[in-house]
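The structure appears below as structure tokens.
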Amino acid sequence: MSTSSAASFDPPSTIHHPPRSLLLRNARLVDPLLGTDTIGDLHIREGRIIPASEALAHYDRVIDASGLIVCPGFVDCRVSLGEPGFEEDETIATGTAAALAGGFTLIASLPDTNPVVETRADAEFVLHQAERAGNCRVVALGAVTKGREGQELAEIGELIAGGAVAFTDAKKPIANAEVMRRALEYTRMWDSVILHHPQVPELVQGGVMHEGYYSSVLGLRGMPTAAEEIMVRRDIALAELTGGRIHLMAVTSRRSVEEIRDAKQRGVRVTADVTPQHLLLTDKELVCYDANYKVDPPLRTPAHIQALIEGLIDGTIETISSDHTPVSSEKKAREFDQVPFGISGLETLLPLCVEALITPGHLTWPQLIATLTTGPARLLGQEPTKTLAPGAIADLTLVDPSATYRINTSRFRSQGQNTPFHDRPATGRVHSTIVGGEVRYSFE
């Protein structure tokens, strides 16, 4: 993948007309792509970063960023936006507004909609609605198979022509190995990536939580780690066979991390992401029968959490995703076994990552920011934009690392308030989110 100057790379649809000039003063400037972490000013003109040597005598707006971290805008490689078909859970407008509040300047929209994003027109609809919303930038993920049924490949070429940057059947595993092999071979022609939910469907059917001690005590059907581990091994084998690119979504198992680490050392084109909830919560949380803890893949045990953290530390896992899955309150009020899986995660990702990774000293701020910027951006082919270098588009996140507060779902911009983290003490807050040189979100 090219890492040429960001000045020559324009991300999808620049929205709005930013102020002609903006100055961020006395900020801690963290740029994982350049490997820099310094205190200084950031100069922006006409939506792009300019060198200090071209500083203006007057700026339309000046922000005192003392005590704040300024970094490239956060990226989420997979977000469920609901629209079209599930507007009771989320719309593109509300989901992208939530993304801004979470510090995200770019998100990738999952094709788990109705209709499924499997044609050029479907992808173009998502991009058009996102542009109309005028919040963060959005790129479309196209379905790997028609109807996300895992049997017949979707029109990959047409989806790419419509703006799809990668492919996934979202939370539906592609169980047929021959279909996955053909998908990897086909997407390799465009050097595109398949994001896969690594799970053997037959082993988790009817399951609601991790299979282990607590599922036995609670009398709830479990979802064994073997369901993930078997599929991880298969996907790695097929990527090695075809030379295709596979990204494993929300890995949760110690053995999965080991398999990915070994495969990357062999040169297999495999990447993975992890979610904040799988870094903080265990299956023990389910003893309260709170449906907000019901996620897919399920919460595991402390030993698995430790392996995930080690994978982040050594670079085996390069990306953290919010796994944003908004669910309407009516759906979350059903019987426990009928409640949909998922957490509304965009607006809580930063403080949860601080709690899980920064406060215990597992990662530094530059390392954490890399998992939220260069990692997912590289996956989606957007890496050249994720820099503070002169010439780059001014898509930025401003973080107040010392802010303390309690998470409050009543402030969510997402329609989905399904989270177990309401009223949880938090440290670290998104101060502002800038897209194309325009401040689109500021905490008030």
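The values are calculated or read from the model by the stated rules, or taken from the named source; none is laboratory data. Note that the structure is a prediction, hence the values are computed from the model and not measured. We place every Cβ from the backbone using ideal geometry, glycine too, and count neighbours over all the protein chains shown.
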Among the residues that make up segment 385-401, is at least one of them aliphatic (A, V, I, L, M), part of a helix (DSSP H, G or I) and touching a residue at least 60 places away in the same chain (Cβ under 8 Å)? no
Condition met for A356 (surrounded by fewer than 20 Cβ atoms within 10 Å (Cβ to Cβ) and of a type in the set (G, A, S)): no
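Let's see how each residue does on (1) more than 18 Å from G315 (Cβ to Cβ); (2) acidic (D, E); (3) touching a Pro at 6+ places or on another chain (Cβ under 8 Å); (4) not in a helix (DSSP H, G or I):
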site	(1), (2), (3), (4)
I230	yes, no, no, no
H247	no, no, no, yes
V257	no, no, no, no
T271	no, no, no, yes
D296	yes, yes, no, yes
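For (1) assigned by TED's automatic domain parsing to the domain that holds A140; (2) under 29 Å from S53 (Cβ atoms); (3) not in a helix (DSSP H, G or I), each residue gets a yes or a no:
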{"position": "L352", "(1), (2), (3)": "yes, no, no"}
{"position": "A377", "(1), (2), (3)": "yes, yes, no"}
{"position": "A403", "(1), (2), (3)": "no, no, yes"}
{"position": "R413", "(1), (2), (3)": "no, no, yes"}
{"position": "S432", "(1), (2), (3)": "no, yes, yes"}
Is it the case, given these coordinates, that T373 is β-branched (V, I, T) and surrounded by 18 or more Cβ atoms within 10 Å (Cβ to Cβ)? yes
Every residue from segment 337-356 that is touching a residue at least 60 places away in the same chain (Cβ under 8 Å) and over 19 Å from M249 (Cβ atoms): D337, E347, L350, P351, V354, E355
Identify all residues within segment 240-280 that are over 22 Å from G102 (Cβ atoms) and charged (D, E, K, R); write none if there are none. E240, R245, R254, R255, E258, E259, R261, D262, K264, R266, R269
Only one of T325, T359, T319 is farther than 20 Å from L34 by Cα, within 18 Å of the chain's Cα centre (by Cα) and of a type outside the set (D, E, K, R); which? T325
Going through segment 415-430 in order, the residues found to be touching a Lys or Arg at 6+ places or on another chain (Cβ under 9 Å), more than 13 Å from L349 (Cβ to Cβ) and assigned to a strand (DSSP E or B) are P425
Condition met for A108 (among the small types (G, A, S) and either free of Cβ contacts under 8 Å to residues at least 12 places away in the same chain or in a loop (DSSP other than H, G, I, E, B) (or both)): no
Report those strands (runs of 3 or more DSSP E) wholly inside segment 14-87 carrying at least 1 residues which are touching a Cys at 6+ places or on another chain (Cβ under 6 Å). 21-31
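Yes/no matrix, rows are residues, columns are (1) in contact with a helix residue (DSSP H, G or I) (Cβ under 8 Å, 6 or more places away or on another chain); (2) of a type in the set (V, I, T); (3) closer than 24 Å to P340 by Cβ:
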| position | (1), (2), (3) |
| --- | --- |
| E228 | yes, no, yes |
| D235 | yes, no, no |
| E240 | yes, no, no |
| G243 | yes, no, no |
| R255 | yes, no, no |
| E259 | yes, no, no |
| T271 | yes, yes, no |
| C288 | no, no, yes |
| A291 | yes, no, yes |
Here is a check on your reading of the model: is R269 more than 21 Å from L281 (Cβ to Cβ), more than 22 Å from the chain's Cα centre (by Cα), assigned by TED's automatic domain parsing to the domain that holds S109 and at pLDDT 95 or above? no
Just give me the residues in segment 144-173 being of a type in the set (A, V, I, L, M, F, W, C), assigned to a loop (DSSP other than H, G, I, E, B) and within 30 Å of I434 (Cα to Cα), in sequence order. A170
Taking into account only those residues within segment 298-311 that are aliphatic (A, V, I, L, M), part of a helix (DSSP H, G or I) and touching a residue at least 40 places away in the same chain (Cβ under 8 Å), which is farthest from H362 (Cα to Cα)? A303
Of everything in segment 88-105, what is assigned to a loop (DSSP other than H, G, I, E, B) and within 19 Å of G142 (Cα to Cα)? Give them in sequence order. E90, T91
Scan segment 69-80 and tell me whether some residue there is at pLDDT 95 or above and surrounded by fewer than 23 Cβ atoms within 10 Å (Cβ to Cβ). yes
Among the residues of segment 147-198, which ones are over 20 Å from E240 (Cβ atoms), within 22 Å of the chain's Cα centre (by Cα) and among the small types (G, A, S)? G162, G163, A164, A170
From the options G212, G219, G244, residue that is surrounded by fewer than 18 Cβ atoms within 10 Å (Cβ to Cβ), among the small types (G, A, S) and either modelled with pLDDT of 95 or more or on the phi > 0 side of the Ramachandran plot (or both): G219
Residues being in contact (Cβ under 8 Å) with a residue 40 or more places away in the chain and within 14 Å of A307 (Cα to Cα): count how many of those fall in segment 256-275. 9
L312 in the same structural domain as A99 (by TED's automatic domain parsing) and closer than 27 Å to Q265 by Cα: yes
Within segment 167-184, can one find any residue that is out of contact with any Ser or Thr (no Cβ under 9 Å at 6 or more places or on another chain), in contact (Cβ under 8 Å) with a residue 24 or more places away in the chain and more than 17 Å from E152 (Cα to Cα)? no
